[in-house]
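Here is the structure we will look at, set down as structure tokens.
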Amino acid sequence: MDPTTLIFLIVGAVVALCILLYYVPIVLWFSAIVSGVHISLVQLVLMRIRKVPPSIIVQAMIEAHKAGLEKIRRDELEAHYLAGGHVKNVVHALVSANKANINLSFQMATAIDLAGRDVFQAVQMSVNPKVIDTPPVTAVAKDGIQLIAKARVTVRANIKQLVGGAGEETVLARVGEGIVSSIGSSDSHKTVLENPDSISRVVLEKGLDAGTAFEILSIDIADIDIGKNIGAVLQMDQANADKNIAQAKAEERRAMAVALEQEMKAKAQEARAKVIEAEAEVPRAMAEAFRSGNLGIMDYARYQNLQADTSMRESIAKPTSSTPAPQQQK
């Protein structure tokens, strides 16, 4: 036989054997049989055809069998994988729940997994509660002093509420709201500083974990800092606002006074204009009186004397401003 043909035959045989072993996982089937899991070789081949990794299903079935979970069936695991679930996490969670005496069914575990939550982590949180640190919460007591509080919330996963229950953000928001309400109802910030546990009691009594995926075990106030004197700041702002209002009203009154003064000046100028106009008519009237014979020379002379006398009296009546001469220093 030609060596080239022999090489091609050997390569073809190796490729055919690899393809056969890929679609017919004999080693995986033997491993399942040795572990006590009964699954036919035909089902493993059909898994390949359905594009389900046989290794994931077989390993999950072996783990469940060794843990004593006999109710988990192959077709259920395949359906959960085809639905986009995490088969390994579900089986790990079921095994952990069984060891911790937590009532968790396969249907519940798959529902939690398909809801987007880590079911294995949820089971671990049910066994080992988780501590959540809240961000700084700012509140103001009745005496106007601002307090900044930090709390630590110890929660435990509520398996029954994981599907449709609110997450950590809701718990933190409710705890923050409870802290603000508790501090705001205190008469003095000193009372809060002396008894920080009163905040925890008030917040826990409100049942903040209702409708969430967690059960609040405790709320501990980790730290309380004193912030600004909000009452004093508000009083200063109110005083500044009152001052601005008073200044605005004073400016309004000043503007009205200036407008009234300008109006009076305009009226005075108008009156002076009328007087000047009337005075301008006097010579004309006198000339007309001279022409008509109603005014004589003697009458005009007496009028001039009267006008001069009036001018003299007015000049005497006016006060004279005299400033004393500065004394010379010797």
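Considering only residues that are in a helix (DSSP H, G or I) and surrounded by fewer than 18 Cβ atoms within 10 Å (Cβ to Cβ), which ones fall in segment 125-136?
Filtering segment 125-136 for residues in a helix (DSSP H, G or I) gives 125-127.
Scanning segment 125-136 gives a single hit, Val127.
Residue check: is Gln146 at pLDDT 85 or above, of a type outside the set (A, V, I, L, M) and in a helix (DSSP H, G or I)? Before you say what the answer is, go through the steps one by one.
Working: at pLDDT 85 or above: yes; of a type outside the set (A, V, I, L, M): yes; in a helix (DSSP H, G or I): no.
Criteria not met by Gln146.
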If I go through segment 7-61 residue by residue, how many of them are over 57 Å from the mean Cα position of the chain (by Cα), at pLDDT below 80, loosely packed, with under 12 Cβ neighbours inside 10 Å and under 30 Å from Val95 (Cβ atoms)? 2
Would segment 223-237 turn up any residue that is open to solvent by 100 Å² or more (accessible area, probe 1.4 Å), at pLDDT 85 or above, farther than 30 Å from Thr134 by Cα and not in a loop (DSSP other than H, G, I, E, B)? yes
Among the residues of segment 204-214, is any among the hydroxyl-bearing types (Ser, Thr, Tyr) and more than 30 Å from Leu82 (Cα to Cα)? no
Filtering segment 198-245 down to residues that are among the small types (Gly, Ala, Ser) and touching a residue at least 12 places away in the same chain (Cβ under 8 Å) yields Ser198, Ser200, Gly211, Ala213, Ser218, Ala222, Gly227, Gly231, Ala232
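Starting from residues that are open to solvent by less than 70 Å² (accessible area, probe 1.4 Å) and in a helix (DSSP H, G or I), keep the ones in segment 293-303 and report whichever is modelled with the highest pLDDT. Please lay out each step first, then the result.
Step one: list which residues in segment 293-303 are open to solvent by less than 70 Å² (accessible area, probe 1.4 Å), which gives 293, 295-296, 299, 301.
Filter again for in a helix (DSSP H, G or I), leaving 299, 301.
Working: Asp299: 70, Ala301: 76.
Checking each candidate, the answer is Ala301.
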All but one of (1) open to solvent by 70 Å² or more (accessible area, probe 1.4 Å); (2) farther than 30 Å from Val127 by Cα hold for Asp220; which doesn't? (2)
Can you find a residue in segment 283-290 that is touching a residue at least 12 places away in the same chain (Cβ under 8 Å), over 30 Å from Val202 (Cα atoms), open to solvent by less than 50 Å² (accessible area, probe 1.4 Å) and assigned to a helix (DSSP H, G or I)? yes
Condition broken by Val95, with the remaining ones in (1) surrounded by fewer than 21 Cβ atoms within 10 Å (Cβ to Cβ); (2) β-branched (Val, Ile, Thr); (3) touching a residue at least 40 places away in the same chain (Cβ under 8 Å) satisfied: (3)
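Kindly indicate which of Asp118, Asp143 is under 30 Å from Ile226 (Cα atoms) and of a type outside the set (Gly, Ala, Ser).
Details: Asp118 fails: under 30 Å from Ile226 (Cα atoms).
Exactly one of Asp118, Asp143 is under 30 Å from Ile226 (Cα atoms) and of a type outside the set (Gly, Ala, Ser), namely Asp143.
The values are calculated or read from the model by the stated rules, or taken from the named source; none is laboratory data. Remember, it's a predicted structure, so these values are computed and weren't measured experimentally. We place every Cβ from the backbone using ideal geometry, glycine too, and count neighbours over all the protein chains shown. All accessible areas refer to the heavy atoms of the entire protein, side chains included, with ligands and DNA or RNA removed. Shrake-Rupley method; radii C 1.70, N 1.55, O 1.52, S 1.80 Å.
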